[in-house]
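The structure appears below as structure tokens.
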Amino acid sequence: MAARPPGWRYWVLLLATLLAVAVTFSLGRWQLSRAAGKQALQAAIAQRQQQAPLDGATLARPLAPGQAGDLLHRAITLRGEWLADRTIFLDNRPMQGQAGFFVLTPLRLAGSDTVVLVQRGWAPRHQTRRETLPPVVTPAGPVQVVGRVAEHPPRVYELGADPGGPIRQNLDLDAFRAETGLPLASVMVLQTDPASEGLRRDWPAAASGVDKHYGYAFQWFGLCTLIGLLFLWFQVVRPLYRSRQRHRA
């Protein structure tokens, strides 16, 4: 007896399956492309970090947006004087499980009016008195700072507007420039000198997030395979098996 041709439900399921397979496969490919992009970015960052250190003269002149981006992650050595009264303590910045502050102080470059905001290090917060500032030492007179160029202070979630003052949740360079009137450079510097002045500088290496994208790609490809196997089982293998069983009976 000739096999009965599949009905409209079969074709609807086939079309839905092909669409789902195409979508999930494309999403897996997209995650792989994102992983490749982040790997390339991480390689570019590593290459910049190996280049010769910059000096303060690089930041003393105005930078176009493209130029500023090309300087990110480069090593740099600055000379100048701290503007201690403008120090900012960014709250809710834990380090190795301990609550504390990121300490940022503007540095006026030697031989220039330009000021560079420097993320100097991390200091612990008082366990009970949250408004107590940590005992950070800010040397007077000329200093030398070794670090790497960064784009802006890291941000955390905040509720409502920041009231200002030395303790803050976040700090925007443009807003801080307008608030203080300082001729701030368009980038900041993350200080990498050994721990000193009551500050730790155990900065974590920037994570590329490649493993996350590989994990997402594996999930999408796995779902793609599962959809295809389920269709084959329920619409091809099982009906064929049942048909053979009926013929044997």
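Which whole number in µm²/s is D for the range 61-199 by Stokes-Einstein, with the Kirkwood Rh taken over Cα pairs at 25 °C and 0.890 mPa s? Answer from the Stokes-Einstein relation: 158 µm²/s.
Express the carbon and sulfur contribution to the solvent-accessible surface of the range 72-132 as a percent, rounded to the nearest whole number, probe 1.4 angstrom. Intermediate values should be presented prior to the final figure.
Working: 1200 of 2710 Å².
Looking at the range 72-132 in its full context, I get 44 percent from C and S.
For the chain, the solvent-accessible area works out to 62 Å² per residue, with a probe of 1.4 Å and every protein chain left in place. How much of the calculated P(r) for the range 180-229 lies past 13 Å, in percent of all Cα pairs? Value for the range 180-229 (Cα pairs over 13 Å): 76 percent. Only Cα pairs under 8 Å and 6+ residues apart enter the sum, and on that basis the relative contact order of the range 112-249 stands at 32 percent.
Each Lys or Arg adds one and each Asp or Glu takes one away; over the other residues whose Cβ falls under 15 Å from the Cβ of TYR214, this sums to +3. Scanning the chain for DSSP H helices at least 27 Å long along the axis (C-alpha atoms) with a Kyte-Doolittle mean no lower than 0.0 picks out 8-49, 210-232. For Rg and Dmax of the Cα atoms in Å, the value calculated from this model appears in (i) 17.1, 51; (ii) 18.5, 65; (iii) 28.9, 100 under label (iii). With bins 5 Å wide beginning at 0, the percent of Cα pairs of the range 132-249 falling in each bin runs 2, 7, 9, 11, 13, 10, 6, 5, 5, 5, 4, 4, 4, 4, 4, 3, 2, 1, 0, 0. Taking the inverse of the mean 1/r over every pair of distinct Cα atoms in the range 75-145 gives a Kirkwood hydrodynamic radius of 13.1 Å. For the range 1-95, the extents of the C-alpha atoms along the principal axes are 95, 33, 26 Å, listed from largest to smallest.
The values are calculated or read from the model by the stated rules, or taken from the named source; none is laboratory data. Computed from a prediction, not measured in an experiment: that's the story for all the values here. Glycine gets a Cβ as well: all are built from the backbone with ideal geometry, and neighbour counts include every protein chain shown. Note: areas computed on protein heavy atoms with side chains; ligands, DNA, RNA excluded. Shrake-Rupley method; radii C 1.70, N 1.55, O 1.52, S 1.80 Å.
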